[in-house]
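Reviewing the structure listed below.
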Amino acid sequence: MRNLNLTRRDALRLGTAAATIGLLPSAVRAQAAWPSKPIRFVVPFAPGGSSEIVARATAVELAKILGQSVYVDNKPGAAGNVAMGEVARADDEHTLILGHIGTLAVNPFIFDKLPYDPNKAFRPITLLAKVPSLYVVRPELPAKNLKEFIALAKSKPGTMNYGSAGNGSAGHLAFEYLKMVSDTFVVHVPYRGTGPQLTDLMGGRLDAAAVGAPAVLQFIKTGKLRCIATGTSQRLPQLPDVPTVAEQGFAGFEMTQWYGVLAPASMSQANADKLSAAAARAIKEPAALKLLENEAALPVGGTAAEFARFIEAEQKRWKPVIVRAKIKPD
């Protein structure tokens with residue numbers, strides 16, 4: 001009889017414990033099983049650019065590691081500010097965003113007010129990849145290299161143009177940087193995304209652009225665009241015959257775009273740590289490496305702390321360039 005009473009008391013204790021667990025905040029219950037539903041990976045730019053290529057390469061491998069689907073959601077607008085603001089406010093622990101040189105190291109210095117704080121609204125997770133900026137022109141332009149392009153632009157100042165994915169975008173920054181060091185004036189034409197910009201460049205409505213390698217390599221190889229210089233410190237294996245900007249008279253010049261994973265600051269530390277390890281591993285999985293190599297993107301990985309320090313260094317690097325070039329938003 002005593003054993004029976006103990007069993008009943010145990011049952012009561014178990015029932016009380018179960019009820020208590022049911023009253024715990026949902027965030028606490030979900031943490032142990034994170035991720036407990038599909039993860040939304042927001043790309044703050046239009047489809048068709050380097051950002052989407054890096055994001056999709058990451059998402060496929062990240063889904064395998066975490067055991068949950070990871071889907072890419074392109075949400076362009078206001079140089080990435082729309083998506084950054086939305087994700088900064090997310091608190092479901094299953095919404096991430098692709099951090100970028102523009103949204104983290106440029107926008108803070110060109111907008112008077114942002115819908116997010118780049119240094120407080122997010123948790124840096126990992127730096128995914130660096131993407132070489134390629135300086136390209138339409139094939140009909142009579143300039144076979146950077147020196148000829150600069151000479152042509154100086155021979156008729158203000159009559160040539162270049163496109164970018166938008167004011168404050170990496171392409172805008174890259175070309176303004178080139179204009180500054182070469183003392184050249186070329187008119188800027190901002191677009192809403194890399195895709196529309198490339199359409200007009202290949203259609204002959206633009207003269208030039210600075211674009212991340214993944215988005216334009218295929219067009220260079222098929223002759224639809226001509227690459228006159230790379231922004232890397234060394235020549236790319238994919239374009240061994242194309243000299244760097246530095247080789248063509250501008251020593252020390254280097255320009256690459258970069259992308260990393262960010263989570264809202266509301267994400268728990270435990271989940272952020274798990275995500276950081278998974279994302280750093282995902283970008284170095286064989287399938288991701290092959291895809292990035294084919295597109296001339298350079299995988300990085302690394303810890304959350306390393307990514308945070310990198311962001312800080314990039315903000316210090318580009319602020320004076322932005323101020324000198326007087327880059328302003330639309």
**Report entry** Stokes-Einstein diffusion coefficient of region 51-145, Kirkwood radius over Cα pairs, 20 °C, 1.002 mPa s, in µm²/s
**Finding:** 137 µm²/s
Requested in this report: Provide the per residue accessible area, probe 1.4 Å, for the chain, rounded to a whole number of square angstrom.
Outcome: 46 Å²
Report task. With the full set of protein chains in place, find how many percent of the accessible area of region 217-271 is carbon and sulfur; take the probe as 1.4 Å. Result -> 50 percent
Query - Neighbourhood charge, 12 Å Cβ-Cβ cut-off, centred on residue 272 and excluding it, Lys, Arg +1 and Asp, Glu -1 - result: 0
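Taking only the C-alpha atoms, wrap a convex hull around the chain and report its volume per residue in Å³ as a whole number.
Convex hull of Cα atoms, per residue: 131 Å³.
Determine Rg/Rh for region 46-105; Rg is computed over alpha-carbon atoms and Rh is the Kirkwood hydrodynamic estimate from the same atoms.
In region 46-105, Rg relative to Rh is 0.96.
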Query raised in the report: Where in region 136-210 are there trypsin sites (Lys or Arg not before Pro) that are in a DSSP coil and have at most 14 other Cβ atoms within 10 angstrom of their Cβ?
Result: 144, 205
Report summary line: So, for the Cα atoms of region 58-211, Rg and Dmax in Å stand at 18.2, 58
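Let me know the whole percent of all Cα-Cα pairs from region 182-257 that are separated by more than 19 Å.
Taking all Cα-Cα pairs of region 182-257, the fraction more than 19 Å apart is 39 percent.
Using only the alpha carbons of region 179-319, what is the convex hull's orientation-averaged projected area in square nanometres? Walk me through the numbers before you get to the answer.
On the way: hull surface 43.0 nm².
Hull-based average projected area comes out at 10.7 nm².
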Requested in this report: Would you mind telling me which residue in 153, 288, 59 has the biggest mean-square fluctuation in a Gaussian network model of the chain, where springs connect alpha carbons within a distance under 10 angstrom?
Outcome: 153
**Report entry** Within the chain, helix-based [θ] at 222 nm, where runs of 4 or more DSSP H residues each add -39,500 (n - 2.57), nearest 500
**Finding:** -13500 deg cm²/dmol
Query raised in the report: Just for the chain, what percent of DSSP beta bridges are antiparallel, to the closest 5?
Result: 60 percent
Requested in this report: Provide the convex hull volume over Cα atoms per residue for region 77-125, in Å³.
Outcome: 75 Å³
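Please compare each pair in 179/221; 147/224; 75/221; 37/75; 113/328 to a cut-off of 19 Å on the Cα-Cα distance and tell me which ones are over it.
179/221; 147/224; 75/221; 37/75
The values are calculated or read from the model by the stated rules, or taken from the named source; none is laboratory data. Everything numeric in this text was worked out from a predicted model, so none of it was measured. All Cβ positions, even for glycine, are placed from backbone atoms using ideal geometry, and neighbour counts span all protein chains on display. Accessible surface is based on the protein model in full, side chains and every heavy atom, while ligands, DNA and RNA are left aside. Shrake-Rupley method; radii C 1.70, N 1.55, O 1.52, S 1.80 Å.
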